[in-house]
Amino acid sequence: MASEIEQFAESLHQQVFLEADMDGAERMRSEVFTRLLIETLMEVGEVEEAVPCYYRSRGIEVHGYGVDDGDTLNLITTIYSGDGSVATVKKSDLGKVAKRALAFVEKCLNPSRPLHLDLEESSEAYDMALHVNGVAGDIRRVRLFVLTDGVSRLDKLELDELPGIELRSGIWDIERLFRLESSGQTRESIEIDFEERFGEPLPCLVSETKDSDQFRALLAVIPGDWLAEIYDEYGARLLELNVRSFLQATGKVNRGIRDTLKDQPERFLAYNNGISSTASKVKLGKASDGQVAIKSMKDLQIVNGGQTTASVHRALMSKVDLSEVAVQMKVTVVPEQALDDVVPSISKYANSQNKVSNADLSSNDPFHVQIEELSRVTWAPAIDDSAHQSKWFYERARGQYRDALANQSTPARKRTWQAEYPKPQSFSKTDLARFHNSWDQLPHIVARGAQKNFTVFMTSLAERRLKPDPDYFHRPVAKAILWKTAYGIAGDQFPSYRPNLASYAVAKLSHGTSMRVDLDRIWESQATSEETNESLEFLTAMAWRIAVEQAPSGMNVGEWAKKEECWKLMKSEPWSIPDKLDQGLLVLGRASNGNGPSAVITDDPSVAECQALGPEAWFALSNWAKETGNLAPWQRSLAYSLGKRLNRGNPPTLRQGQQGKRVLDEAKRLGFTT
């Protein structure tokens, strides 16, 4: 086991080293390590959203933060050696970084002079301090996460008190990361011992016969305060990804649930459908009255009833008496080895009334499997007159790139493999969502964080019914190149907010050109053109001015970038396509003079409707059809032709108008919006 942990540590060290030294993205290795582990914390449900943000001053040091549910502040601090060794982290060092992180909170909450007043307003540290100060009145809990590439003998720390705030801590060391990665699971196991926690087991009914050779079902009625207490400890980790994403998408507590909990708690069981859950193991025993009861559960996940669970928990936090509240609970026992395959499907079907259920949000979704397969067989064009070709590595599941590299048996094999799959040419499923939604002109959604953006992306995919093929694979790679280029340009110009600036610049480029940037040309060149880079440089500066300098007073930049109003402001900012860039777009010719389309020369309403949309909408429809394959080739070609005619000031012919109306109606039915 020790040698396996050492190999894992060395592999992680190499991943950090490679990412930190990538061209155009040179960063401190501790910053890269922090970002990688924050992504892990979000993926396993330990936190909903968090961002790396380094700040150090006298007696203060913090490496990242996030706010969950509006009342929980997650603080990230890092102890990183960076040498690939597996050394023991001293208890005193753990205590020191914890003290410095909590000092940051105290400074932010200082009523006489909060910390952000002493920081540069354009810095990410200012944004972080302002955000923490802004939610000060709502914070009831601070969770401190210590991230380290060493080994800790402690699981948590004894923390100094903050007045009126509950403190919790967790240490993620190299051994804990190794256990998670080597287990093959997507999250840490949740084990509930009802006897130990609540003093008695949970009475239940057990299906007389197993549903199959692998599954069985139990029915129980769990006290409301038990459910609320379990959720209070484990939070989003308790919710299967579909359910967690649905709650993120709605963000609202059902008023009927809330009112029943408060005014008629004894009727909650009758009014509410309850929750559905899964577990890999259930230990049964006897209750005091001799009835069969659940003594403990392993790998507990709620797959339906997330809103019920969150509402019951919110009621507990609001001091509502839950002593008379009972919640119906179905438990499906699933073998541990089948959890990641079966639980998402159970969640999908149990949540069939929710829109988000149309998208299987697990890494086993066929779309992600197909993209992974394409990434392993699709060679990118050689560049710089070289005969050497390489591939883009799609990381469908966390750690795939690192594991594949580690599996190469010799240094020579590792070098050969890295030449085939260069680290800068790797991207994850959340990266894919970022690239796609930036191009789709949703930078405010991208700014909301990896998981929330991924939810929107997957829901969009389900509506478009995409079936990736080799031609399709070229386009997300082109979007990746475009976004990464913008990210590098943002880093050259500005010290902070690089991801937001890149997403806004790409979105503005997509909007301003009516999505006419030639993605196929980017794939063939494996780079953006000089003209595109010049435009991205200009648009990045525009994004800085609107998203950073024009953020409303009292609102931090990160929150402003999440608002649709921010994107609308950027979208309305005048920008004329430079002549050199215009010559390389998909449709050549002079742009509209801004006076609107020429007069309709027919009374046919189909022609009028097609002309009223304008060229941008038809170009967008043509691109959408090309990416999704939802329309026949002639329909895509017609949309392209209509865009071209209108772009040159020519109205559609009668035949084009009537055909275009039918194509538009079909596209809308399949999920296209404009």
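Some observations on this one:
- Any chance VAL105 is hydrophobic (A, V, I, L, M, F, W, C), over 30 Å from ALA541 (Cβ atoms) and in a helix (DSSP H, G or I): yes
- Residue check for ARG29: assigned by TED's automatic domain parsing to the domain that holds ALA125 and touching a Gly at 6+ places or on another chain (Cβ under 7 Å): yes
Conditions (1) in the same structural domain as SER375 (by TED's automatic domain parsing); (2) under 20 Å from the mean Cα position of the chain (by Cα); (3) in a helix (DSSP H, G or I); (4) buried (at least 22 other Cβ atoms within 10 Å of the Cβ), marked per residue:
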{"position": "ALA404", "(1), (2), (3), (4)": "yes, no, yes, no"}
{"position": "LYS414", "(1), (2), (3), (4)": "yes, no, yes, no"}
{"position": "ILE445", "(1), (2), (3), (4)": "yes, yes, yes, yes"}
{"position": "ARG448", "(1), (2), (3), (4)": "yes, yes, no, no"}
{"position": "SER460", "(1), (2), (3), (4)": "yes, yes, yes, no"}
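- Every condition in (1) crowded, with 19+ Cβ neighbours inside 10 Å; (2) farther than 30 Å from GLU233 by Cα; (3) polar (S, T, N, Q) is met by SER85 except one, and the failing one is (1).
- Some residue of region 651-668 being over 18 Å from LEU519 (Cβ atoms), modelled with pLDDT of 85 or more and among the β-branched types (Val, Ile, Thr): yes
- The residues of region 31-67 that are surrounded by fewer than 22 Cβ atoms within 10 Å (Cβ to Cβ), among the hydroxyl-bearing types (Ser, Thr, Tyr) and modelled with pLDDT of 90 or more, listed by number, are TYR54, TYR55, SER57.
- Subset of region 26-85 (residues that are farther than 19 Å from ILE174 by Cα, outside any strand (DSSP E or B) and in contact with a helix residue (DSSP H, G or I) (Cβ under 9 Å, 6 or more places away or on another chain)): GLU26, ARG27, MET28, GLU48, GLU49, ALA50, GLY59, ASP69, ASP71
- Those helices (runs of 4 or more DSSP H) lying entirely in region 467-556 with at least 3 residues more than 28 Å from LEU621 (Cα to Cα) and touching a residue at least 24 places away in the same chain (Cβ under 8 Å): 470-493
- When region 310-331 is filtered for residues that are at pLDDT below 90 and not small (Gly, Ala, Ser), the ones remaining, listed by number, are HIS313, ARG314, LEU316, MET317, LYS319.
- Considering only residues in region 212-236 that are hydroxyl-bearing (Ser, Thr, Tyr) and out of contact with any helix residue (DSSP H, G or I) (no Cβ under 8 Å at 6 or more places or on another chain), the one that is modelled with the lowest pLDDT turns out to be SER212.
- Criterion: touching a helix residue (DSSP H, G or I) at 6+ places or on another chain (Cβ under 6 Å), buried (at least 19 other Cβ atoms within 10 Å of the Cβ) and over 21 Å from VAL369 (Cα atoms) - qualifying residue of ALA478, ALA486: ALA486
- Single residue of ASP138, ASP149, ASP155 found to be of a type in the set (Asp, Glu), surrounded by fewer than 17 Cβ atoms within 10 Å (Cβ to Cβ) and touching a residue at least 60 places away in the same chain (Cβ under 8 Å): ASP138
- ASP604, sole failed condition from (1) among the acidic types (Asp, Glu); (2) modelled with pLDDT of 80 or more; (3) touching a helix residue (DSSP H, G or I) at 6+ places or on another chain (Cβ under 8 Å): (2)
- Those residues of region 282-299 which are in contact with a strand residue (DSSP E or B) (Cβ under 6 Å, 6 or more places away or on another chain) and modelled with pLDDT under 90, in sequence order: ASP299
- Candidates in region 543-582 are the residues that are loosely packed, with under 12 Cβ neighbours inside 10 Å and of a type in the set (S, T, N, Q); of these, the one that is modelled with the highest pLDDT is SER572.
- Check on LYS644, modelled with pLDDT of 85 or more, within 31 Å of the chain's Cα centre (by Cα) and buried (at least 17 other Cβ atoms within 10 Å of the Cβ): no
Table: residues versus (1) under 23 Å from GLU336 (Cα atoms); (2) at pLDDT 90 or above; (3) of a type outside the set (S, T, N, Q).
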position: GLU181; (1), (2), (3): yes, no, yes
position: ASP193; (1), (2), (3): yes, yes, yes
position: LYS210; (1), (2), (3): yes, no, yes
position: LEU238; (1), (2), (3): yes, no, yes
position: ASN254; (1), (2), (3): no, no, no
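- Scanning region 158-188 for residues that are buried (at least 18 other Cβ atoms within 10 Å of the Cβ) and polar (S, T, N, Q) turns up SER169, THR186.
- Test: TRP560 is among the aromatic types (Phe, Trp, Tyr), free of Cβ contacts under 8 Å to residues at least 24 places away in the same chain and closer than 19 Å to ILE445 by Cβ: yes
- Test: residue in region 68-77 that is farther than 18 Å from TYR234 by Cα, assigned by TED's automatic domain parsing to the domain that holds THR148, at pLDDT 90 or above and touching a strand residue (DSSP E or B) at 6+ places or on another chain (Cβ under 7 Å): yes
The values are calculated or read from the model by the stated rules, or taken from the named source; none is laboratory data. Not measured: the values here are computed from a predicted model. Counting neighbours? That spans all protein chains shown, and the Cβs are built from the backbone with ideal geometry, glycine included.
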